[in-house]
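Student: Starting off with a structure, shown below.
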Amino acid sequence: MPRGYHWLKQPYALFGEEREHMRQVIIIGSGPAGFTAAIYAARANLKPLLIASSVEVGGELMNTTEVENYPGFPDGIQGPELMAKFQEQAEKFGTEVLYDDVTSLDLNGPVKTVTLGSGAVHETRALIYATGSAYRKLGIEGEERLSGYGVSWCATCDGFFFREKTIAVVGGGDSAMEEATFLTRFADKVYVIHRKDSLRASKIMQERAFANEKIEFVWNSEVAEVLGGDSVTGVQLRDTVDGTLRDLPLDGLFIAIGNDPRTHLVHDKLELTAEGTIWVDGRTSKTSVPGVFAAGDVIDPTYRQAITAAGSGTVAALDAEHFLADFDDASVEVPAAEAAEVIVA
Ligand SMILES: Cc1cc2nc3c(=O)[nH]c(=O)nc-3n(C[C@H](O)[C@H](O)[C@H](O)COP(=O)(O)OP(=O)(O)OC[C@H]3O[C@@H](n4cnc5c(N)ncnc54)[C@H](O)[C@@H]3O)c2cc1C
């Protein structure tokens with residue numbers, strides 16, 4: 001049994017008086033992982049409460065237009081429409097959704113406490129943490145406005161839209177090299193824009209990119225502005241050595257400067273991995289704290305797709321369900337005589 005699970009064996013009285021507002025499951029996050037966990041938990045009759053955030057309901061897919069790789073939608077679907085369907089399905093089975101932000105968590109002991117921005121405090125026996133991750137942004141003019149219209153953070157998601165186009169990748173690490181190399185399957189030309197004159201990427205990734213004749217490196221340059229009205233038409237580049245500006249015509253811009261799992265609420269409460277994601281036990285969603293499960297991009301340094309996040313949400317709901325069932329088995333002590341009566345009845 002993992003460390004810390006000893007209190008599972010203690011009687012139900014551990015909770016004191018049965019708490020009126022105590023939930024079986026609270027889910028934090030309204031992306032594919034959170035809503036999928038909610039669908040499973042609701043269908044298991046656990047009456048989940050999902051805290052969706054106050055302004056970013058629906059998660060990362062709200063920032064994109066066409067999603068063509070989510071199974072079940074052969075003609076593609078707009079990101080916000082897909083997330084509305086996730087929510088509709090979760091609510092249909094009884095998920096309660098709260099539009100608020102979690103501001104702090106107390107994960108000590110068998111009852112987890114979730115405090116919201118409104119000041120409301122909720123208690124739960126199982127917590128599913130599905131807060132996703134955030135791609136780092138350049139913070140420049142045009143970046144947000146043209147997100148989904150030529151600006152992307154995900155080559156796997158959007159590379160297909162750039163067949164026979166000219167595009168650029170910003171970054172100098174392994175993921176930038178991987179994205180650039182992958183994008184040459186579609187684009188005619190891929191610039192790699194890097195602010196220095198050498199790369200941070202591993203040697204093998206560099207060599208692969210250098211050997212690819214569709215890739216051209218733009219050294220000592222940073223993107224000062226993304227240009228375009230309805231869609232990307234180019235970028236303005238600033239030379240990092242002499243500060244001069246020039247325009248580079250493009251059809252698309254991929255930003256690959258890193259990704260930060262949203263762990264700020266738990267970084268001192270749950271074990272993290274070297275990549276900064278929440279540590280989970282093998283293929284499960286079990287974190288280092290009993291009763292706390294994590295799912296989606298917040299545990300995933302590699303794949304970060306809607307379908308993998310949704311699958312991970314399923315795992316978390318099933319793990320939470322088993323945890324609660326084990327808990328009940330271990331804690332409800334029925335005297336032998338009563339048990340016999342129940343069977344007879
Ligand atoms: C521009 C873009 C395009 C993409 N296109 C595709 C695509 O075409 N296909 C594909 O498969 N994948 C795509 N992805 C990747 C996909 O969006 C992610 O892999 C997926 O959304 C991860 O799901 P998640 O549930 O783990 O996290 P998220 O979708 O990030 O959701 C996390 C949720 O948690 C909430 N949250 C965080 N902190 C708190 C808090 N303190 N309190 C309350 N709520 C909180 C957030 O507000 C958010 O709603 C794209 C990503 C981006 C950025």
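The values are calculated or read from the model by the stated rules, or taken from the named source; none is laboratory data. It should be emphasised that the depicted structure is a prediction, and the values quoted were computed from it without experimental measurement. Cβ placement follows ideal geometry from the backbone for every residue including glycine, while neighbour counts extend to all protein chains displayed. The area values use the complete protein model at the heavy-atom level, side chains included, leaving out ligands, DNA and RNA. Shrake-Rupley method; radii C 1.70, N 1.55, O 1.52, S 1.80 Å.
Student: Which far-off residues, 5 or more places away or on another chain, put their amide H under 5 Å from the one on A224, with H placed in the peptide plane?
Tutor: Q236, L237, R238
Student: Could I ask something else about it? Given N residues in region 58-129, what is its alpha carbon radius of gyration divided by 2.2 N^0.38 Å?
Tutor: Output field value: 1.44.
Student: Turning to a different aspect of this structure: Determine the distance separating the Cα centre of region 134-153 from the Cα centre of region 28-57; give it in Å without decimals.
Tutor: 27 Å
Student: Translational diffusion coefficient of region 151-255 at 20 °C, 1.002 mPa s, Stokes-Einstein with Kirkwood Rh over Cα pairs, in µm²/s as a whole number.
Tutor: Result for D is 159 µm²/s.
Student: Choose one answer from G76, G31, G59: the residue with the largest mean-square fluctuation in a GNM of the chain with alpha-carbon springs under 10 Å.
Tutor: Sorting by GNM fluctuation, first place goes to G76.
Student: Applying a 10 Å radius around every beta-carbon, put 128-134, 296-302 in order of their mean neighbour count, most first.
Tutor: Descending packing order for the listed peptides: 128-134, 296-302.
Student: If you count, for each residue, the other Cβ atoms within 10 Å and average over each peptide, how do 37-50, 140-153 line up from highest to lowest?
Tutor: 37-50, 140-153
Student: Right, here's the next one. Restricting to Cα pairs below 8 Å that are 6+ residues apart, what does the relative contact order work out to for the chain? Please round to a whole percent.
Tutor: With pairs under 8 Å counted, the relative contact order is 21 percent.
Student: Quick one: how many lysine pairs in the chain have C-alpha atoms under 24 angstrom apart, if they're 8 or more apart or on different chains?
Tutor: Lysine pairs meeting the criterion: 19.
Student: Have a look at the DSSP beta bridges in region 151-255 and tell me what percent are antiparallel, nearest 5.
Tutor: About 40 percent, rounded to the nearest 5.
Student: Quick one: dipole size for the chain, taken about the Cα centre, charges +1 on Lys/Arg Cβ and -1 on Asp/Glu Cβ, in debye to the nearest 20.
Tutor: Working: 30 positive and 51 negative charges, 119 e Å.
The calculation lands at about 580 debye.
Student: What are the semi-axes of the equivalent ellipsoid of the chain, taken as the square roots of 5 times the eigenvalues of the Cα gyration tensor, listed largest first and rounded to whole Å?
Tutor: Working: eigenvalues 424, 78, 61 Å².
For the chain, the semi-axes come out at 46, 20, 17 Å.
Student: Show me, for region 63-75, the HN-Hα J-couplings you get by feeding each phi into the Karplus relation (A = 6.51, B = -1.76, C = 1.60, θ = phi - 60°), rounded to Hz, glycine and proline as x.
Tutor: Those phi angles translate into 8, 10, 9, 7, 10, 10, 10, 8, x, x, 10, x, 9 Hz.
Student: Considering only protein heavy atoms, what per residue accessible area in square angstrom results for region 151-255 with a 1.4 angstrom probe?
Tutor: Here the per-residue accessible area is 50 Å².
Student: Using helices alone, what [θ] at 222 nm do you get for the chain, with -39,500 (n - 2.57) per DSSP H run of 4 or more residues, divided over all residues and rounded to the nearest 500?
Tutor: That comes out to -7500 deg cm²/dmol.
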